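The values are calculated or read from the model by the stated rules, or taken from the named source; none is laboratory data. Bear in mind the structure is a predicted one, so any value in this text is a computation, not a measurement. Because the Cβ atoms are built from the backbone with ideal geometry, glycine has one as well, and the counts that use them run over all protein chains shown. In case anyone asks, the SASA skips ligands and DNA or RNA and just uses the protein heavy atoms, side chains included. Shrake-Rupley method; radii C 1.70, N 1.55, O 1.52, S 1.80 Å.
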Amino acid sequence: MEKFEKLQGIAAPMPLVNIDTDMIIPKVFLKSIQRTGFGVNLFDEMRYNRDGSEIDDFVLNKPQYRDAEILVAGDNFGCGSSREHAPWAIADFGIKCVISTSFADIFFNNCFKNGILPIVLPQEQVDVLMADAEKGANARMTIDLEAQEITTSDGQVITFDVDAFKKHCLLEGLDDIGLTMEKVGSIDTFEEQAAQARPWV
């Protein structure tokens, strides 16, 4: 998993509340267990008309937000079914950080396991970031995970909380497999000792 340390990028404003995982990636696209290839269908029903053409006024279709790496969203982001394809689609599109007042628990935890930083802030601070995001591509935010700070395009600093263990995993680029591989030496030693103690197993 790619390390998350400091991100400076375009933030897209999406003030909708209760964006569920089926809105993030509709169930019709859940045909693969590979983590890639879902970005093109992120928010599919909001991004495209039935004939496949783009809906011009959807935020991620606007020229200034096509390369957004930060999403400032409304309350209760990622609710609905627990599909891990939702963070896969977000990451595959190129979004590395989602900011909201609240997230569904399963989606929230899945984000960390897929290299995405979900940040929970009070409504008044989300409003500040939403307004900053609405300035377009020239207004770039900076997310500093080590310092736990968000800096707006005009230099305003907002601090955020993050679980220490989850922070460590993002900073080091460790998913569940990576965490296991950190202990491979101890695992090998245990296996050798177990084989000697119980050679019949």
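Determine the per residue accessible area of segment 1-153 with all protein chains present and a 1.4 angstrom probe, expressed in square angstrom.
For segment 1-153, the per-residue accessible area is 47 Å².
Which whole-angstrom value gives the distance between the alpha carbon centres of segment 13-70 and segment 107-130?
Their Cα centres are 18 Å away from one another.
Can you give the helix-only mean residue ellipticity at 222 nm for the chain, where every DSSP H stretch with n ≥ 4 adds -39500 (n - 2.57) and the sum goes over all residues, rounded to the nearest 500 deg cm²/dmol?
Numbers: 8 runs with 66 residues, N = 201.
My calculation for the chain gives -9000 deg cm²/dmol from helical runs alone.
Percent relative contact order of segment 14-173, based on C-alpha pairs within less than 8 angstrom and at least six residues apart?
The value is 21 percent.
Which cross-chain or sequence-distant (5 or more) residues have an amide H under 5 Å from the amide H of Ile119, H modelled 1.01 Å from N in plane?
Val98, Ile99, Ser100
Return the equivalent ellipsoid semi-axes of the chain as a descending list in whole Å, where each equals the square root of 5 times an eigenvalue of the C-alpha gyration tensor.
35, 22, 14
As a quick test, which of the pairs Lys62/Lys135; Lys3/Lys167; Lys27/Lys167; Lys31/Lys113; Lys6/Lys135; Lys3/Lys135 have an alpha carbon distance above 19 angstrom in this structure? Don't skip to the answer; put the middle values down first.
Details: Lys62/Lys135 13 Å; Lys3/Lys167 10 Å; Lys27/Lys167 30 Å; Lys31/Lys113 21 Å; Lys6/Lys135 21 Å; Lys3/Lys135 28 Å.
Too far apart for the 19 Å limit: Lys27/Lys167; Lys31/Lys113; Lys6/Lys135; Lys3/Lys135.
For Gln64, what is the net charge nearby, where nearby means another residue's Cβ is under 11 Å from its Cβ and Lys, Arg count +1, Asp, Glu -1? Numbers along the way, then the final one.
Values: positive: Lys62, Arg66, Lys135; negative: Asp67, Glu134.
Residues close to Gln64 contribute a combined charge of +1.
Just read off the accessible area of Asp75 with the full protein assembly in place, 1.4 Å probe, to the nearest 10 Å².
60 Å²
Give me the percent of accessible area attributable to carbon and sulfur for the chain, probe 1.4 angstrom.
Working: 5310 of 10670 Å².
Of all accessible area on the chain, carbon and sulfur atoms account for 50 percent.
Can you tell me the convex hull volume per residue for segment 6-52, based on C-alpha atoms, in Å³ to the nearest whole number?
Working: hull volume 6.4 nm³, N = 47.
Taking the convex hull of the Cα positions in segment 6-52, it is 136 Å³ per residue.
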